[in-house]
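Following this message is one structure expressed as structure tokens.
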Amino acid sequence: MPKNETHSIANPYGYFDAANREYVITRPDTPTPWMNYLGEGRYGGIISNTAGGYSFDRDPRTRRVTRYRYNSIPADQPGRYVYLRDQETGEYWSPTWQPVVGRQLEAYECRHGAAYTRIQSTYRGIAASLLYFVPPGEACEVWVLSVKNVSDCPRRLRSFSYAEFGYYDALIDQQNLDWGMHIVHSRYADGTIVTSTQFRPTLTFFSSNVTPAGFDTDREVFIGRCRDLANPVVVETGEPRQSEAPRGNNVGSLCHDLVLAPGEEQEIIYVMGVTDDPGTVAPLLARYGQPREVQAAFEALRADWDIYLGHFTVETPDAEMNAMLNFWNPVQCRATLYWSRFVSAYETGLGRGMGTRDSAQDTLATVQAAPARAREMLDVLWHLQFRDGHTWHQVFPLTGEGGPGLAGEFPDWPQWFSDDHLWLVLAVCAYLRETGDFAYLDHRVPYWDSEDAPAGGDTMWDYVLRVRGVSRLDPLEQPAGGDTIWDHVLRAVDFTLTHRGPQGLPRLGFSDWDDTMNLDHGSGKAESVWCAQQFCRAMLDLADLCDCLGKDKDGARFRALHREMAQTINRVAWDGAWYARAYDDDGLPVGVQGETYHQIGLNPQTWAVIGEIGAGDRLTRAMESAHEKLDTPYGMALMAPPYEHSDLRVRGTTTYPPGAKENGGIFCHAHAWAVVAAARLGWGERAYQYYRQILPLARTDADTFAAEPYVYCGNICGPTHPQYGYGRNAWLSGTASWMYVAGTQWILGIRPTFAGLQVAPVIPGDWPGFRAARLFRGVTYRIAVERMGPGNAVSLTVDGRPVEGTIVPFPPAGQAEVVVKAIVGEK
């Protein structure tokens, strides 16, 4: 097993510090801004390695706190900045490198941790550090600035903070500037800047624990004419102007004097937040104006993450895999659970909302460590379901407003997606396998179009709590109006069954998982082979659930539905060497050998295995075909050959150039399913190969990859693209959840079942074994796996006694720990 991994995982811009669980960026000029997330699902935001980014409260669209200019020049501005100025020489710089990039810092280091970032630098004998985090449970953030004189002479400095505020509805702030800039104003009193409007109680506050020497709230005054953030006139002259913005562009700039003897260090604590109750501001500032309270809050934040991360830990022969599964992958999964695909360095947080299919999948990798939040999310998603069984495609977290997503741009096309409701079925089964909370099936949630729908003033989370009639910290078991979750599940199944096309496959609707596969142009004949395979997986999961609950009749029905759909797929979709992807509006197959473009798609090959739709020889042949035609060193292409020009038959896919995203790019989310499918087939070497192909910490070519090397990205440009290997859309991707499931449940083989914890590793032949600790239903399982020969045969010993099969039965009540030894391979 690896001993010291501190500097073994590195690229030219930084490395992973395993001991401190931080990614350390040692060069500020990363190929793209390398981001982190602050907060734990309510107040928070994104922050880059040079302090760019922005803040919001629960919803980045309707409750934005600070501004951000996407795709701007210079990149990654504005942010949470502090300027330092030497009052003797007039020289100024930023400890975070941005926005004064013309200063060559003598030392620079950014440490991204779990929901916090610390940036440290040294310039001309001044060492500075900025720690950014959100205290747990608070609607505010804290910046801790520490400045130390490491020179041998006294220094007299001035600091200037900078944050840029706008109207809370970020869409208005960008599209209706005349109104938006007239209504927002700022004022200063007793060391605190307050930004607000006169027609709502909401206000933004920015303050510090040290009495300022001056302030500014007007951006034009602070920056000056014909200048920018690199050379603001207030910083250049060293004189704050005491400006209060009556309108326009509002900022938070507090000026402080620091007089430092050699070796002396001083600290300033900034607090920024938003509230609808002005009476809460003073107590909050008083609390976090005390260094001991700030330290306590930071320790509480780290303790919370310790608990979350402690639910599953591994020690394998692969250092990068350890770093991902023990830290960055679950950190990323928690971010996706909070924000789905809504807000990142790529998604502006304005129009998309949180996806139904996305959020359902995000629960798959977080349910073991955050079951209450996963259940809350499932409640929200089930409420998006209509009585006919289909669901809205997205939801806005603050307002609870649902919508059709991309389909809304084409009102004459179907306004539903064929897969959304089935992801909810799969997510509920995963939740129940993990928690054993079978009472959840009797829990009641109204349909979207029922009389029990939420009141217009409810937020998403207010609604969840209201229908349960309990506080956030209560057990969350009380029923409310609406149908039971089991009823919702049955309606989801029935929607697919009643919306089938001429081949007997599920109708495609606007699309399935592939948003760009827009084959239904009005006839309603377009069908999805992949969705049929997804339906098969859902039926098997429901049948297993029914076995556990004693619902024999329902279980038999679900297995019969699986058989019938699997037979249909094999009858109409097998192309001799792989499965077709879909049928178009004219009843013609897509993703077959006779096509010029898109002869083979990845998803129907992987999900043929995941959905268990046929005999092993076909499944093996399909996956071999996918490997032969789609595999690349950077991952599996989604399909091949890509389209070379626009094609009205498939619409959205052909809007991308060849090798980009759905048009033959490496869609990492879909690649994760190849890892699962390979492991299900027992292909240990290939599953591990696929796992490492998109493992970000294994990429050392940072200038090619460009995206953050510590979290999964959504897609990588494929081999037919000029930027082959280039990663995009990092952080908020379904890749995070599925790669965590693939790594822990299918390669390491440790997965929950209704009968106990299964231990069935499918690991490479040259691994001597691995160790893991897994918390499952309140019991800690300490697992040691040892390879004794080739193959994947497993024999288990549990607490010193041999156990038949690969499932560790539930221990007697009161037993807190189970010791499992697994021998892999033929002796």
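Answer with one residue from Ala370, Phe327, Thr596: the one whose Cα lies farthest towards the positive end of the charge dipole of the chain, charges on Cβ with Lys, Arg +1 and Asp, Glu -1.
Final value for the positive-end residue is Phe327.
While we're on this one: Could you tell me the extents of region 750-824's C-alpha atoms along the three principal axes, largest first, rounded to whole Å?
That gives 38, 22, 21 Å along the principal axes, largest extent first.
For region 33-306, with only Lys/Arg (+1) and Asp/Glu (-1) charged at the beta-carbon, what is the dipole magnitude about the Cα centre, in debye rounded to 20?
The dipole magnitude comes to about 340 debye.
Further question: Enter the angle in degrees (range 0 to 90, nearest 10) between the Cα long axis of helix 552-572 and the first principal axis of the Cα atoms of the chain, meaning the one along which they spread out most.
90
What area, in nm² and to one decimal, does the C-alpha convex hull of region 522-596 cast on average over all directions? Working shown, then result.
Values: hull surface 23.8 nm².
Mean projected area of the Cα convex hull: 6.0 nm².
Please report the relative contact order for region 750-824, taking Cα pairs under 8 Å with a sequence separation of at least 6, and give it as a percent rounded to a whole number.
Values: 142 pairs, mean separation 27.0, N = 75.
Reported as a whole number, the value is 36 percent.
Using the Cα centre of region 63-126 as the reference point, and only Cβ charges (+1 on K/R, -1 on D/E), how large is the resulting charge dipole? Debye, rounded to the nearest 20.
Here the size comes out at about 520 debye.
Rank these for me by crowding, Ser344, Ser207, going from fewest to most other beta carbons within 10 Å. Present the calculation step by step, with values, prior to reporting the outcome.
Details: Ser344 21, Ser207 26.
Arranged by neighbour count, lowest to highest, Ser344, Ser207 become Ser344, Ser207.
Separate question: Counting only helical runs of four or more DSSP H residues, what would the 222 nm mean residue ellipticity of the chain come to if each run contributes -39,500 (n - 2.57) and the total is spread over all its residues?
Estimated from H runs of four or more residues: -8000 deg cm²/dmol.
Rounded to the nearest 10 degrees, what's the angle between the helix 420-435 long axis and the longest principal axis of the chain, both from Cα atoms, 0 to 90?
90
Sort Ser8, Ser253, Ser121, Ser159 so the one with the fewest other Cβ atoms within 10 Å of its own Cβ comes first.
So the ranking, lowest neighbour count to highest, is Ser8, Ser121, Ser159, Ser253.
Just want to confirm a number: the relative contact order over region 212-305, from Cα pairs under 8 angstrom separated by 6+ residues, in percent.
The normalised contact order for region 212-305 reaches 26 percent.
Just to be sure I follow the rule: in the chain, considering lysines 8 or more places apart or on different chains, how many pairs have Cα atoms under 29 Å apart?
Lysine pairs satisfying the spacing and distance rule in the chain number 5.
Along the charge dipole of the chain, pointing to its positive end and built from +1/-1 on Cβ of Lys, Arg, Asp and Glu, which listed residue (Tyr643, Ser186, Pro709) has its Cα farthest out?
Checked the options; the winner is Pro709.
How tilted is helix 371-383 with respect to the longest principal axis of the chain? Cα atoms for both, answer in degrees (0 to 90, nearest 10).
That helix lies at roughly 70 degrees to the long axis.
So how long is each side of the chain along the principal axes, counting just the alpha-carbon atoms, biggest first, in Å?
81, 60, 56
If contacts are Cα pairs under 8 angstrom and at least 6 residues apart, what is the relative contact order of the chain in percent?
Once normalised by length, the contact order is 9 percent.
Let me ask something additional. Arrange the following residues from fewest to most other Cβ atoms within 10 Å of their Cβ: Ile307, Ile600.
By the 10 Å Cβ count, ascending: Ile307, Ile600.
Just name one of Ala51, Ser146, Ala303: the one whose Cα is farthest towards the positive end of the charge dipole of region 33-306 (beta-carbon charges, Lys/Arg +1, Asp/Glu -1).
Working it through, the farthest residue towards the positive pole turns out to be Ala51.
Next up: Charges at C-beta only: +1 for Lys and Arg, -1 for Asp and Glu. How large is the resulting dipole of the chain about its Cα centre, in Debye rounded to 20?
Value, rounded to 20: 860 debye.
Values in this text are rule-based calculations from the coordinates and carry no lab data. Computed from a prediction, not measured in an experiment: that's the story for all the values here. Neighbour counts run over all protein chains shown; Cβ positions are idealised from the backbone, glycine included.
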